[in-house]
1. Would you pick out the residues in segment 8-55 that are surrounded by 12 or more Cβ atoms within 10 Å (Cβ to Cβ) and polar (S, T, N, Q)?
2. So which residues in segment 1-40 are of a type in the set (A, V, I, L, M) and in contact with a strand residue (DSSP E or B) (Cβ under 8 Å, 6 or more places away or on another chain)?
3. Looking at (1) at positive phi; (2) modelled with pLDDT under 85, can you tell me which one E35 breaks?
4. In segment 31-66, what count of residues is obtained for those that are assigned to a loop (DSSP other than H, G, I, E, B) and hydrophobic (A, V, I, L, M, F, W, C)?
Amino acid sequence: MDAQARKKAVYRAKLNAKKKDKRIDSPLVRYNELEQPVCRVCDLVLKSESHWDAHQVSRKHHELEPAIYLHVKDSYMIWWG
């Protein structure tokens, strides 16, 4: 491996480490096969992790969020029922 290829590999490794540090740690977020964050409530693909805070306070997210919790509660009740 020449010096330039080695530099690129080190740079890519640093970028991947940064990307893992930025991952959103929330039960309302999943990541698709392209490693993009997806809101589980709205099923909306976010362009980056930095958009998550703004999306959480959006009208669409707030309208759909109670329905998700009711669905989870109903599933829980049926499972234990």
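1. S26, Q36
2. I24, L28, V29, V38 - these are the residues of segment 1-40 that are of a type in the set (A, V, I, L, M) and in contact with a strand residue (DSSP E or B) (Cβ under 8 Å, 6 or more places away or on another chain).
3. (2)
4. If we filter segment 31-66 for residues that are assigned to a loop (DSSP other than H, G, I, E, B), which is where we start, we get 32-36, 40-43, 46-48, 57-58.
Retained after the next criterion (residues that are hydrophobic (A, V, I, L, M, F, W, C)): 34, 41-42, 46, 57.
The qualifying residues number 5.
The values are calculated or read from the model by the stated rules, or taken from the named source; none is laboratory data. On a predicted model such as this, the values are computed, not experimentally measured, just so you know. FYI the Cβ positions are ideal-geometry reconstructions off the backbone, even for glycines, and counts take in every protein chain you see.
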